[in-house]
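Working notes for the structure below.
A short reminder: the numbers here are calculations on the coordinates, not readings from a lab. On a predicted model such as this, the values are computed, not experimentally measured, just so you know. Glycine gets a Cβ as well: all are built from the backbone with ideal geometry, and neighbour counts include every protein chain shown.
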Amino acid sequence: MKTLKFTLVLLLISFISCKNQEKKEAVEVVIPEAVYNMETAKTYAELSIKEGGHWEGREYIDGTFKNVTELKVPAQHTDHSWFIRYEGPGWESNKVAYRMYLDWRNCIDIFGKVTEDMILSKVGQDGFDSYHEKSDWGMDILKAGKGLGIGSIGRFSNNEVLHFKNVDSTFAKVENTPDKSTVIVDYYGWNTANDTIDLHQVLSITPNVRYTKHSITPSKKIEGICTGIVKHGVNYFTKESENKQWGYIATYGKQTLAKVPDNLGMAIFYKVETVKEVTDWEHDHLLLFKPTTNEISFYFLAAWEQEVKGIKTEVEFLSYLDKLLTELNNNNKL
């Protein structure tokens with residue numbers, strides 16, 4: 001349990017006559033602490049690593065999982081090292097859960113939920129890959145393959161997306177408060193196509209929504225930093241608002257890892273002025289950002305038909321996206 005402490009000081013002014021002088025007294029009032037309570041929470045983020053084991057080359061052998069709030073990723077860690085539970089940090093609302101592969105892939109995957117309870121603390125505890133099978137909470141529903149999954153970052157160069165194969169160091173952190181859960185990842189010395197930069201990522205989710213806000217800050221202006229949605233041969237949609245402030249790319253159709261693939265919608269909402277090009281390559285539908293060192297923020301979401309009160313048709317999904325697009329244009333945020 002994580003506690004958020006704060007104290008409010010109120011000035012209580014008393015006009016007390018004392019030798020014809022006005023006296024002011026400051027009274028400190030302590031407000032009850034706002035507590036993050038896992039039992040009542042509607043968001044959660046975690047990072048769980050093994051301890052008590054040992055490294056043999058690229059694999060971590062034996063040990064048990066322990067939750068941590070911060071991590072410098074070991075140099076030998078890579079995909080399928082068995083060191084980080086479900087391979088990276090996870091975050092969830094009462095609607096959906098996501099995870100990021102904290103290795104060279106830097107890919108974001110989806111845990112579809114069939115409950116509104118917080119479930120991440122259960123995932124992968126009874127066997128590393130158990131989440132690929134349907135359970136009482138749901139399952140891993142997205143095959144990312146060589147793509148970006150949903151809403152992760154890469155660099156598009158020479159008609160391919162470059163991931164994070166060459167990085168000096170990686171740091172991750174998770175935070176939980178009563179109204180938001182957050183994952184922060186910093187890549188230092190990310191080298192692609194003869195450029196080396198640092199990249200700061202912040203992913204946050206709030207109660208009762210499917211979408212994650214993803215903010216990135218590059219240390220240098222370079223071409224080709226991108227995000228996207230992995231291709232699975234289903235219907236693809238793009239739309240910009242009439243005032244050209246916000247737009248989205250989206251897919252919808254039978255594209256899950258369920259034994260009988262069922263309907264999943266994925267979307268990314270972006271601020272039009274931050275995007276240089278909407279394009280694609282073999283594995284992903286892409287948004288290429290304009291070179292900048294300013295923060296870029298966008299939103300991504302997944303909507304699975306098996307979630308509680310889930311969206312079950314393409315018509316429903318597109319209507320849902322249009323409502324969010326209207327909200328973004330009216331408020332410039334979700």
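If I go through region 157-180 residue by residue, how many of them are assigned to a strand (DSSP E or B), buried (at least 17 other Cβ atoms within 10 Å of the Cβ) and among the hydrophobic types (A, V, I, L, M, F, W, C)?
4
Looking only at region 223-266, which residues are aliphatic (A, V, I, L, M) and over 20 Å from R105 (Cα atoms)?
Kept after step one, since they are aliphatic (A, V, I, L, M), are these residues of region 223-266: 225, 229-230, 234, 249-250, 257-258, 260, 264, 266.
Passing the criteria: V234, I249, A250, A258, V260, L264.
Got a number for residues in region 85-135 being under 20 Å from V202 (Cα atoms) and among the hydroxyl-bearing types (S, T, Y)?
Here the count works out to 4.
Which count do you get for residues in region 257-287 that are under 19 Å from the mean Cα position of the chain (by Cα) and either farther than 22 Å from I225 by Cα or in a helix (DSSP H, G or I) (or both)?
Selection size over region 257-287: 2.
Please report, ordered by residue number, the strands (runs of 3 or more DSSP E) entirely within region 26-138 with at least 3 residues that are in contact with a His (Cβ under 9 Å, 6 or more places away or on another chain) and surrounded by 12 or more Cβ atoms within 10 Å (Cβ to Cβ).
59-61
Are any residues in region 181-210 of a type in the set (D, E, K, R) and either buried (at least 18 other Cβ atoms within 10 Å of the Cβ) or under 14 Å from W104 (Cβ atoms) (or both), and if so, which ones?
Matches in region 181-210: R210 only.
Count, please, the residues in region 211-228 that happen to be buried (at least 18 other Cβ atoms within 10 Å of the Cβ) and assigned to a strand (DSSP E or B).
9
Quick check on my filter: what residues within region 288-334 are farther than 30 Å from E223 by Cβ, acidic (D, E) and part of a loop (DSSP other than H, G, I, E, B)?
As a first pass, look at region 288-334 and keep what is farther than 30 Å from E223 by Cβ: 303-320, 322-323, 326-327, 330-331.
Then keep just the ones that are acidic (D, E); that gives 305, 307, 314, 316, 322, 327.
E305, E307 - these are the residues of region 288-334 that are farther than 30 Å from E223 by Cβ, acidic (D, E) and part of a loop (DSSP other than H, G, I, E, B).
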